[in-house]
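Student: My questions will all concern the structure given below.
The values are calculated or read from the model by the stated rules, or taken from the named source; none is laboratory data. Just so you know, these numbers come straight off a predicted model, no measurement behind them. Because the Cβ atoms are built from the backbone with ideal geometry, glycine has one as well, and the counts that use them run over all protein chains shown.
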Amino acid sequence: MTPEETVRAYYDALRAGEPLAPFFVESPATVKVGIGERLVGYADVANGLREQTRTTDDWDVESHDLRVVERGATAAVSDAVTLSWYDTEAFTERTYETRWSGTLLPSDDGWAFAGMHVSTATDRDR
(Lines give C-alpha, C1' and ligand atoms only; values in the text may rest on other atoms or scores of the structure.)
Protein backbone atom coordinates (compact mmCIF):
# COMPACT_ATOMS: atom_id res chain seq x y z
CA MET A 1 0.00 0.00 0.00
CA THR A 2 1.27 3.50 -0.80
CA PRO A 3 1.13 6.32 1.77
CA GLU A 4 -1.92 7.80 0.00
CA GLU A 5 -3.67 4.42 -0.04
CA THR A 6 -2.87 4.07 3.68
CA VAL A 7 -4.53 7.41 4.48
CA ARG A 8 -7.59 6.52 2.41
CA ALA A 9 -7.76 3.09 4.08
CA TYR A 10 -7.63 4.84 7.48
CA TYR A 11 -10.59 7.03 6.47
CA ASP A 12 -12.48 3.91 5.30
CA ALA A 13 -11.74 2.10 8.57
CA LEU A 14 -12.93 5.12 10.56
CA ARG A 15 -16.21 5.18 8.58
CA ALA A 16 -16.69 1.43 9.10
CA GLY A 17 -15.92 1.44 12.84
CA GLU A 18 -12.96 -0.90 12.29
CA PRO A 19 -9.84 -0.98 14.49
CA LEU A 20 -7.59 2.02 13.84
CA ALA A 21 -4.54 1.17 15.95
CA PRO A 22 -2.99 -1.02 13.20
CA PHE A 23 -2.51 2.17 11.15
CA PHE A 24 0.06 3.45 13.70
CA VAL A 25 3.71 2.60 14.30
CA GLU A 26 4.13 0.46 17.42
CA SER A 27 6.57 2.75 19.19
CA PRO A 28 6.71 4.76 22.40
CA ALA A 29 7.46 7.78 20.17
CA THR A 30 4.18 7.56 18.21
CA VAL A 31 1.94 10.60 18.73
CA LYS A 32 -1.69 11.29 17.81
CA VAL A 33 -3.17 14.71 18.44
CA GLY A 34 -6.92 14.92 17.94
CA ILE A 35 -9.54 17.59 18.40
CA GLY A 36 -9.73 16.96 22.13
CA GLU A 37 -6.68 14.92 23.11
CA ARG A 38 -2.95 14.35 22.80
CA LEU A 39 -1.88 10.71 22.94
CA VAL A 40 1.79 9.76 23.26
CA GLY A 41 3.12 6.25 22.70
CA TYR A 42 1.51 3.43 20.80
CA ALA A 43 -0.26 2.03 23.89
CA ASP A 44 -1.97 5.37 24.62
CA VAL A 45 -2.85 5.84 20.94
CA ALA A 46 -4.35 2.34 20.72
CA ASN A 47 -6.34 2.82 23.95
CA GLY A 48 -7.59 6.23 22.82
CA LEU A 49 -8.69 4.89 19.46
CA ARG A 50 -10.51 1.96 21.07
CA GLU A 51 -12.36 4.38 23.35
CA GLN A 52 -13.21 6.60 20.37
CA THR A 53 -14.64 3.62 18.51
CA ARG A 54 -16.60 2.55 21.60
CA THR A 55 -18.22 5.95 22.12
CA THR A 56 -18.95 6.99 18.53
CA ASP A 57 -20.95 5.77 15.54
CA ASP A 58 -21.96 6.74 11.99
CA TRP A 59 -18.75 8.46 10.91
CA ASP A 60 -18.73 10.60 7.77
CA VAL A 61 -15.24 11.47 6.53
CA GLU A 62 -15.00 13.80 3.52
CA SER A 63 -11.48 14.46 2.26
CA HIS A 64 -11.17 17.74 0.36
CA ASP A 65 -7.45 18.24 -0.33
CA LEU A 66 -5.32 15.16 0.39
CA ARG A 67 -1.65 15.76 -0.39
CA VAL A 68 1.13 13.24 0.07
CA VAL A 69 4.86 13.74 -0.36
CA GLU A 70 7.25 10.79 -0.19
CA ARG A 71 10.85 11.48 0.76
CA GLY A 72 12.85 8.28 0.87
CA ALA A 73 11.78 6.27 3.88
CA THR A 74 9.16 8.79 5.08
CA ALA A 75 5.99 10.38 3.81
CA ALA A 76 4.23 13.56 4.87
CA VAL A 77 0.48 13.99 4.48
CA SER A 78 -1.95 16.88 4.83
CA ASP A 79 -5.67 17.19 4.19
CA ALA A 80 -8.74 19.27 4.83
CA VAL A 81 -11.47 16.93 6.08
CA THR A 82 -15.08 17.39 7.08
CA LEU A 83 -15.71 15.02 9.98
CA SER A 84 -19.04 14.14 11.51
CA TRP A 85 -20.10 11.36 13.83
CA TYR A 86 -22.69 10.44 16.41
CA ASP A 87 -21.49 10.72 20.02
CA THR A 88 -23.13 7.74 21.74
CA GLU A 89 -22.50 9.09 25.25
CA ALA A 90 -23.83 12.63 24.68
CA PHE A 91 -26.54 11.45 22.23
CA THR A 92 -25.63 14.14 19.72
CA GLU A 93 -24.16 14.61 16.26
CA ARG A 94 -20.73 16.27 16.05
CA THR A 95 -19.43 17.99 12.91
CA TYR A 96 -16.08 19.71 12.38
CA GLU A 97 -14.07 21.19 9.54
CA THR A 98 -10.63 19.81 10.31
CA ARG A 99 -7.04 20.07 9.18
CA TRP A 100 -4.91 16.94 9.14
CA SER A 101 -1.16 16.48 8.98
CA GLY A 102 1.01 13.50 9.64
CA THR A 103 4.14 11.53 9.06
CA LEU A 104 4.17 7.94 7.86
CA LEU A 105 6.96 5.38 8.00
CA PRO A 106 7.32 2.10 6.14
CA SER A 107 5.78 -0.88 7.97
CA ASP A 108 5.30 -4.59 7.36
CA ASP A 109 1.99 -3.85 5.62
CA GLY A 110 3.16 -0.81 3.68
CA TRP A 111 3.03 2.42 5.70
CA ALA A 112 1.93 3.48 9.19
CA PHE A 113 1.49 6.78 11.02
CA ALA A 114 4.35 7.81 13.30
CA GLY A 115 2.48 11.03 14.00
CA MET A 116 -0.97 12.39 13.25
CA HIS A 117 -2.38 15.82 14.05
CA VAL A 118 -6.04 16.73 13.58
CA SER A 119 -7.20 20.22 14.48
CA THR A 120 -10.03 22.66 13.88
CA ALA A 121 -9.76 26.29 12.89
CA THR A 122 -10.73 28.87 15.46
CA ASP A 123 -12.22 32.29 14.90
CA ARG A 124 -9.50 34.78 15.90
CA ASP A 125 -12.09 37.48 16.59
CA ARG A 126 -13.58 35.57 19.51
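Student: Confirm whether residue 78 is in a loop (DSSP other than H, G, I, E, B) and surrounded by 13 or more Cβ atoms within 10 Å (Cβ to Cβ).
Tutor: No.
Student: Cβ-Cβ distance below 9 Å, separation of 6 or more or different chains: which pairs start in the range 67-80 with a residue that is closer than 11 Å to residue 3 by Cβ and end on one that is part of a loop (DSSP other than H, G, I, E, B)?
Tutor: 68/2; 70/2; 75/2; 77/66
Student: Among the residues of the range 1-60, which ones are closer than 14 Å to residue 113 by Cα and touching a helix residue (DSSP H, G or I) at 6+ places or on another chain (Cβ under 6 Å)?
Tutor: 10, 20, 21, 23, 24, 26, 27, 30, 32, 39, 46, 49
Student: Taking the range 15-53 only, how many residues are surrounded by 13 or more Cβ atoms within 10 Å (Cβ to Cβ), among the small types (Gly, Ala, Ser) and over 14 Å from the mean Cα position of the chain (by Cα)?
Tutor: 3
Student: Which pairs do you get when a residue that is of a type outside the set (D, E, K, R) and modelled with pLDDT of 95 or more, found in the range 1-19, comes within reach of a residue that is in a loop (DSSP other than H, G, I, E, B) and crowded, with 16+ Cβ neighbours inside 10 Å, reach meaning Cβ atoms under 7 angstrom, with the pair 6+ apart or on two chains?
Tutor: Here the result reads 10/20; 13/20; 14/20, each pair linking the range 1-19 to a residue that is in a loop (DSSP other than H, G, I, E, B) and crowded, with 16+ Cβ neighbours inside 10 Å.
Student: Report the residue count in the range 20-54 for those that are among the polar types (S, T, N, Q) and either free of Cβ contacts under 8 Å to residues at least 60 places away in the same chain or in a helix (DSSP H, G or I) (or both).
Tutor: Of the residues in that region, 3 qualify.
Student: Pick from 59, 85: which is in contact with a Leu (Cβ under 8 Å, 6 or more places away or on another chain) and more than 22 Å from residue 105 (Cα to Cα)?
Tutor: Testing whether each residue is in contact with a Leu (Cβ under 8 Å, 6 or more places away or on another chain) and more than 22 Å from residue 105 (Cα to Cα) leaves just 59.
Student: Which of the numbered conditions does residue 91 fail, given that it passes all the others? Conditions: (1) on the phi > 0 side of the Ramachandran plot; (2) touching an Asp or Glu at 6+ places or on another chain (Cβ under 9 Å); (3) not aliphatic (A, V, I, L, M).
Tutor: (2)
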